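Let me begin by presenting the structure, written as structure tokens, before commenting on it.
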Amino acid sequence: MDTLWDNIEKLSAVCRAAGAHLPDEELKALQVGKVAEKAGEAMHALHGLKGLTTCGDDHTWSEVRDDLVGSVIAALLAMHYIDPIGARATFDEILHRRTRRGREAAAAA
């Protein structure tokens, strides 16, 4: 079974091929922008769930979750675009650093 990063690498190859006509730096920047776009879609779905949209869209928590996963995938793709070789290690290092408080709290409980 493929791991998360195996799937990101495969998707990255497909997306890079589609964007082969673009300079590498532009492709990276566009992928970082995609993260914001996907996060905005999650926020729109949340607004729709709470009845706060002006267009009358109804949304569900399932759609919010789906858009959040889309944001995560877009972010991991952006990391892979920026550093195809080191993305996994960089992610692991940052995740470890950013979750320190949670690990410490769990250990103390």
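Would you confirm whether any residue within the range 26-46 is without any contact (Cβ under 8 Å) to a residue 24 or more places away in the chain, in contact with a His (Cβ under 6 Å, 6 or more places away or on another chain) and not aromatic (F, W, Y)?
The answer is yes, given that some residue of the range 26-46 is without any contact (Cβ under 8 Å) to a residue 24 or more places away in the chain, in contact with a His (Cβ under 6 Å, 6 or more places away or on another chain) and not aromatic (F, W, Y).
Considering H80, H44, which residue is surrounded by 17 or more Cβ atoms within 10 Å (Cβ to Cβ) and modelled with pLDDT of 95 or more? Before you say what the answer is, go through the steps one by one.
Working: H44 fails: modelled with pLDDT of 95 or more.
The match here is H80.
Restricting to the range 49-72, and then to whatever is assigned to a helix (DSSP H, G or I) and open to solvent by 60 Å² or more (accessible area, probe 1.4 Å), can you tell me which residue is nearest to S12 (Cα to Cα)?
We begin by selecting, within the range 49-72, every residue assigned to a helix (DSSP H, G or I); these are 49, 61-72.
If we keep only those that are open to solvent by 60 Å² or more (accessible area, probe 1.4 Å) as well, we get 61-63, 65-66, 68-69, 72.
Numbers: W61: 28, S62: 25, E63: 24, R65: 22, D66: 19, L68: 19, V69: 16, V72: 14 Å.
Only one residue fits best here, namely V72.
Please specify each residue of the range 1-40 satisfying the condition of being open to solvent by 50 Å² or more (accessible area, probe 1.4 Å), part of a loop (DSSP other than H, G, I, E, B) and not aliphatic (A, V, I, L, M).
Result: D2, T3, H21, P23.
Taking the condition among the hydrophobic types (A, V, I, L, M, F, W, C), free of Cβ contacts under 8 Å to residues at least 24 places away in the same chain and open to solvent by 80 Å² or more (accessible area, probe 1.4 Å), does A108 pass?
Numbers: among the hydrophobic types (A, V, I, L, M, F, W, C): yes; free of Cβ contacts under 8 Å to residues at least 24 places away in the same chain: yes; open to solvent by 80 Å² or more (accessible area, probe 1.4 Å): yes.
Yes, satisfied.
The values are calculated or read from the model by the stated rules, or taken from the named source; none is laboratory data. Just so you know, these numbers come straight off a predicted model, no measurement behind them. Don't worry about glycine lacking a Cβ; one is built from the backbone with ideal geometry, like all the others, and counts go over all protein chains shown. For the accessible areas, the whole protein counts, side chains as well, though only heavy atoms, and no ligand, DNA or RNA atoms are used. Shrake-Rupley method; radii C 1.70, N 1.55, O 1.52, S 1.80 Å.
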